[in-house]
1. With a point put 7 Å past each Cα toward its Cβ, work out how far Y153 is from R504 in nm, to one decimal.
2. So which GluC sites (Glu not before Pro) in the range 432-461 are both in a DSSP loop and have at most 11 other Cβ atoms within 10 Å of their Cβ?
3. With just the Cα atoms defining each centre, how far is the range 346-388 from the range 413-436? Give it in Å.
4. Would you mind getting the accessible area per residue of the range 249-318, heavy atoms of the protein chains only, 1.4 Å probe, in Å²?
5. Once the Cβ-Cβ distance between Y424 and E197 is put in as r, and R0 is 45 Å, what FRET efficiency do you end up with, to the nearest 0.05?
6. Take the residue pairs K255/K505; K55/K347; K225/K328 and return only those whose Cα atoms are more than 20 Å apart.
7. Please list, in order, the residues from the range 391-410 whose amide nitrogen is less than 20 Å from a point placed 7 Å along the Cα→Cβ vector of D437.
8. How many percent of the accessible area of the range 231-381 is carbon or sulfur, using a 1.4 Å probe?
Amino acid sequence: MYVKKFIAVLTLMSVMMSAVGCQGRNGDSSLSENESSVVVNEETGTKLKNFMTQKELDRVKVGKLTLLDDDVQDTQTESTGRVQVYIGTADDLRKSTEDCKDLGLITQEEYEESIRNNAELDSDFRYIDMAFVDGRWIYNHFPEYDYDGGEVYWVTQDNEVQEKLILHNFDEVKNYIKESISKEAEFYNDDTLFDSEQVYEDTVALWQSVIDGTYEEITKEEAEKLRDESIYNVAFDGDYKDVWEYDLSEVEEIKDFIKEISIYDEELDTEFLVHVTLPPDFDESKTYPMFVFSDGVWRFGNVPSIRKLMENGEIQDIILVTIGYSYKINGTDEQVRSRYFYQKTEKTCDFIVDNLMPYLSEMYNIDCEHSGFYGHSAGGVLSHYAVFNSDKYENQPFRYYIIGSPALWELHRVDGKQNPDACYDEYGYWERNDTLDKVLFVCGGENEDPEYEEYYDEYPTTLEGISGLMERLESHGVETAECKIYEDSGHWQFIPDMFIEFFRKYYGNQSE
């Protein structure tokens, strides 16, 4: 009976001071005056080679900002009732038991009990491991592999209390599922975030397909791909505009200067939402630096204050770009961010360097020699990866990189991550190169290490990782890397001040 209980757990499981201790090569962690300011000129900007497929090009949509709109058009396709199932084996269940233990989803006692039960399973054992209806992931309430519509013996657990149920037929099963999903919906308390009716219909469709034998059996690889693609969108039929962080009045003031671009990436099978904010008195005949921010769900909110520096004449005109996801995807969700910043880092860089930036270079005259990229935390891992793999690309869209509070330690916690230690030798960059022609600004908050203490294990903390990076850069003679640890700040509080400081320094108006 524990096997049934464990499968339910498993499906849910599928679903984280001025400069202190780090200096640049010149020994001064403050922003130096070595970099010359940018001169915006009339010449045609850099045209990058566009590697987008025809399918990707056909799906690009450019329009006005819709973030402030109350409604979002429903992009859900009409249901076809297509049920796809991966049938797992005893080996799959044993592997999942180990994963649950490693992730802390089951106790040591439950783990040991599962091991005892799993040991009795023979090579003929089968169960439904993953299931999808019209591509939507079903994450709970699975039927037995050979369910025929009759009696079901169900074991549930609420905290420490186990409940054993006997459901005599499929009608009783449907009633039980409906009650369970209704209770789950109460947790979300928002119909736009949890479509309980859709979840119920999908779950019943799965059971009916097992009874009728009409489901499509797929491979484990196909199932994992479907799960990865839908994990952040399962059961939700609203939008995530409410999780975007910005000041409404500030955005209202500049909304006419913002373009919203939906751009699809075939490799990641993801719809990215890119916001391009043009500078004051934008002239399409002129060339401008472009600065790109990951985590648009948060960083779009920093755009108005940076643009205000342009309006006040404190910095030169720059095109500001934030990369987010479709409003149907929760960009604050750590599973979402992990997918693009930790698990699919290379493909995410491919998208930015070979798809997004070339497309934007066809829309605008971009001065790539003075353009930059920013990432923070998980995004800081992406920014760090991007710098030290930039030599592998024909396109060179960025010279400046901000590596903010890079959570390199998280790479060791990613299931199946190949060679997570590669980040500590900059992904072999120095085996391929003798010099670095990029400008780096590495930063963090003085008080941030304790915030994630439980996750570090034996690996360097965020601040230790920053310090180690700066030491390695110095050992290779890099003089274009600076570091600042901000006083009295945690993981993110320093970001607004850091942006003002960075943009004044690197894009300061020469006339001042």
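The values are calculated or read from the model by the stated rules, or taken from the named source; none is laboratory data. It should be emphasised that the depicted structure is a prediction, and the values quoted were computed from it without experimental measurement. Every residue, glycine among them, receives a Cβ derived from its backbone with ideal geometry; neighbour counts consider all protein chains shown. Each accessible area value is taken on the protein alone, full model and side chains, heavy atoms only, with ligands, DNA and RNA left out. Shrake-Rupley method; radii C 1.70, N 1.55, O 1.52, S 1.80 Å.
1. 7.2
2. E458
3. Rounded to whole Å, the Cα centres lie 18 Å apart.
4. Result: 34 Å² of accessible area for each residue.
5. Once rounded, the FRET efficiency stands at 0.40.
6. Beyond 20 Å: K255/K505.
7. Taking a point 7 Å out along Cα→Cβ of D437, the residues of the range 391-410 whose backbone N falls under 20 Å are 391-402.
8. Taking all protein chains in place, the range 231-381 shows 41 percent carbon and sulfur surface.
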